[in-house]
Amino acid sequence: MTAKSDVQEEGPDPLYGNRVRRAALPGRGGLRRIWESVNNSWRGLCEGLTTEAAVKQEVALAALFLPLSFLVATSLWIWVALVASLFFVLAVEFLNTAIERLCNHVTPERHEAIRVTKDLASAGVFFALLLAGLIWLAAILERLGVIG
């Protein structure tokens, strides 16, 4: 017996118009769904790079630090941690940007609850940056022979 919530209704989606909404289940969408997901991500990356100062700055830092990671890392796993920390900062920054844009869409005027929501998202970016800084500091100190 199939539960009502397990049934995926077909037909026009109110958000996407005449495109048929497909469930993200195995065998439902396949390579086309993956291609569309990659396309969505590419558009999001382009949007962030063309409109958001913080994204531009963090991508520029990642472009600078990525080659530097090969000089700093003393092992494969340290290199992975260095690069992952850069990607993590970018991921959190994009989520922060999405939250800010959604908040601005919901209510463009000043609102205390929206301010708190944006501040919480910003705090997430702050901690991602702290984590990246900690990882890079530890790797640099190890490279210099100060620790490890």
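Annotation for V116 and L71: the two label points, set 7 Å from Cα along the Cα-Cβ direction, are 4.7 nm apart. At q = 0.10, 0.14 Å⁻¹, what is the base-10 log of I(q)/I(0) for region 32-148 according to the Debye formula with one equal point scatterer per Cα and no solvent? Please give it to two decimals. Evaluating at q = 0.10, 0.14 Å⁻¹ gives log10 I(q)/I(0) of -0.40, -0.70.
Full-extension gain between A63 and F87, please, as 0.36 nm times their residue separation minus the C-alpha to C-alpha distance. Length gained between A63 and F87: 7.5 nm. Extension gain for the segment R32 to T51, taken as residue separation times 0.36 nm less the Cα-Cα distance, is 4.0 nm to one decimal.
Rounded to whole numbers, the Karplus 3J(HN,Hα) couplings from phi for region 53-66 are 4, 5, 5, 4, 5, 6, 5, 4, 5, 5, 5, 6, 7, 4 Hz, using 6.51 cos²θ - 1.76 cosθ + 1.60 with θ = phi - 60°, and x at Gly and Pro.
Under a Cβ-only charge scheme (Lys and Arg +1, Asp and Glu -1), can you give me the dipole magnitude of region 84-148 about the Cα centre, in debye to the nearest 20?
It comes to approximately 40 debye.
Bear in mind these aren't lab numbers, they're just calculated from the coordinates by the rules spelled out. Because the structure is a prediction, the values reported are computed rather than measured. Neighbour counts are summed over all protein chains in view; Cβ atoms, including those assigned to glycine, are modelled from backbone coordinates with ideal geometry.
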